[in-house]
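Where a number appears in this text, it was derived from the coordinates with a stated rule and is not lab data. This is a predicted model, so every value here is computed, not measured. Cβ placement follows ideal geometry from the backbone for every residue including glycine, while neighbour counts extend to all protein chains displayed.
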Amino acid sequence: MAQPDVVIVGGGLVGAACARHLAEQKVKVRILDSGAEPGIASTAAAGMLAPLAESVPDNPLLSLSVRGRDVYQQLAPVLKEETGIDIGLWNAGILQLALSTEEAAHLTHEIAWQRQRGFRSDWLSRDDLRERFPGLAPEALGGKFAPEDGALEPASLLKALLASARRHGARLSRGIRVDEVVVDNAKAVGVMADGKRIGAGAVVVAAGAWSGRVKGLPRPLSVEPIRGQMIAADWPADEPPAIVYAHSGYLLHRDGEVLAGTTMEHVGFDASITDDGVAHVQEVMCSIYPALEGAKIKRSWAGLRPGSPDGHPIVGQDAEIEGLWYATGHGRNGILLAAITGEIIAQLFTDAPIEYDISPIDPGRFWKTGR
C-alpha cells in the first residue's frame, strides 16, 4: 500500500472538505476517522450559512465568512454532478428578529455598517413581517433580513464531500483512532493509530473538538468542546419556510420540521441532553413562533463544537514542524467555513495563490516563534 502524501485526522465535514480539495489537486490522501465519538458536530449541526447574523463591524473573519457562504453556490451543483447527492442548499435569506426597541436599534445599526461594507442587508418593518412571516411573535418590531444567507443539510454535505473525495482518489478508513502525530527531525512523517504507525508525507489535524487530544504536537492545541443542545418539532401549520434568529437562539425549517437551538456550554466531552438545556431552547423557539407553545418535541440531541481561545478557526501549517497542518477550532462556524477551509488547505499545500486574507485563522497567531 503506497504511502499517502497526506493523512487527515478526522472524517467530519472539515476533514472531508480538506480531503476533497486536496484529492482534486492530485494529492494522495488518506482519511482516518474514528467514527465513534458521541456529539460529533458535523452531524449535529443545523447547517446554517449565516455570516451576517450576530456579526460585528470589526470581526476580522467577516469577509472570509461571506466568501465561505458563497463557495457553496458553486460547490453544490458540482457535488450533485459528481456524486448525485443534493446538499439541500437553501438561500432564501435569514431574519434576525427585534423584540424590543433596544434590539431594533442594534439591528438597524448592523444594517448600516453591513451596507457600508458592501453586504446585502435590509430592514423589514412590522407590516413586512406580518406579510412574509405571519406566525412570528406579534410583539416583534421588525427585523434585519440578510437575503443571501441560508442553510444546507450537513449530513448530505458530509456524504457528498466524502464521496467526491473518494471519486478523486482519496481513501477513507473508518474506525481508526489516531493517538499521536509522529514527528522526526522537526517533520511530521505520519501518525500512530490504534498502536500502529501509518506513514505519510504530511498530517492534517482536523479532528474537531477532539483535536486537542491528539498527542505528539509541538505544543498543546487550544481546542475545547462547547456543547450545543437542539430540539426538533413539527413546523407551524401554513407557515412559510424560514430561518429566524432571536434571543441568541435560532430556528429553521427543514423537511416539515422546526429545528431549534442552541446552547453554549463548557462541559467538557459531555454530549448528553439536559432538562435545562432543552427548556432553554424550547423557550427561545416559542418566543419566536408562539404557535409552537406546547408543541411536542420529537427529538433532541447535542453536538460538541471545537472552540478556540479567540473564537476563530486554526487553519494552516505549524510554524515549527514541517508537514504538520491544522484545520480545526471552527466553533459555531463549522458548516459555514468547512468548504473554504478545505480550499485554503489545498491552496496552501500546493503553493497556489490565495486572494483573500487568512491571517485571522493562521495558527501562528497563538505561537510566536521569533523566526
At 0.36 nm per residue, minus the direct Cα-Cα distance, what do LYS26 and ASN185 gain on full extension? Give it in nm, one decimal, please. 54.6 nm
Based on the Kirkwood radius over alpha-carbon pairs, what is the Stokes-Einstein translational diffusion coefficient of the stretch 222-369 at 20 °C with 1.002 mPa s viscosity, in µm²/s? 123
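Please tell me which of these pairs span more than 28 angstrom C-alpha to C-alpha: LYS80/LYS196; LYS159/LYS187; LYS28/LYS215; LYS215/LYS298; LYS28/LYS159?
Details: LYS80/LYS196 37 Å; LYS159/LYS187 32 Å; LYS28/LYS215 24 Å; LYS215/LYS298 39 Å; LYS28/LYS159 20 Å.
Check vs 28 Å cut-off fails for LYS80/LYS196; LYS159/LYS187; LYS215/LYS298.
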Quick check on the chain: helices-only [θ] at 222 nm, where DSSP H runs of length 4 and up contribute -39,500 (n - 2.57) each and the sum goes over total residues. Nearest 500, please. -9000 deg cm²/dmol
Apply the Kirkwood formula to the chain: the hydrodynamic radius equals the inverse of the mean of 1/r over all pairs of different alpha-carbon atoms; give it in Å with one decimal. 21.2
Can you give the Rg to Rh ratio of the stretch 100-223, both from alpha-carbon atoms, with Rh computed by the Kirkwood formula? 1.23
Protection proxy ranking, peptides 341-352, 325-336, 19-30, average beta carbon neighbours within 10 Å, highest first: 325-336, 19-30, 341-352
Ranked from highest to lowest mean number of other Cβ atoms within 10 Å per residue, what is the order of the peptides 58-67, 6-15? 6-15, 58-67
What FRET efficiency would be calculated for the residue pair SER125, GLN74, taking the C-beta separation as r and a Förster radius of 41 Å, to the nearest 0.05? 0.75
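Can you work out the FRET efficiency for the pair GLU139 and ASP310, with r the C-beta to C-beta distance and R0 = 56 Å, to the nearest 0.05?
FRET efficiency, GLU139 to ASP310: 0.95.
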How big is the stretch 199-253 by the Kirkwood estimate over distinct Cα pairs, in Å? 15.5
Full-extension gain in nm, THR274 to ARG67, via 0.36 nm per residue minus C-alpha separation: 71.0 nm
With Rg from the Cα atoms and Rh as the Kirkwood inverse mean 1/r over Cα pairs, the stretch 49-169 has an Rg/Rh of 1.08
Dividing the Cα radius of gyration by the Kirkwood radius, what Rg/Rh value follows for the stretch 239-291? 1.01
Pulled fully out, how much extra length does the chain show between GLU283 and ARG197, if you take 0.36 nm times their separation in residues and subtract their Cα-Cα distance? 26.0 nm
Treating the beta-carbon of each Lys and Arg as +1 and of each Asp and Glu as -1, no other charges, what is the dipole magnitude of the chain about its Cα centre, to the nearest 20 debye? 1340
Two-site label geometry, GLU322 and ARG299: point separation in nm, points 7 Å out along Cα→Cβ: 4.8
Mean Cβ-within-10 Å packing, highest first, puts peptides 264-274, 123-133, 306-316, 209-219 in the order 306-316, 209-219, 123-133, 264-274
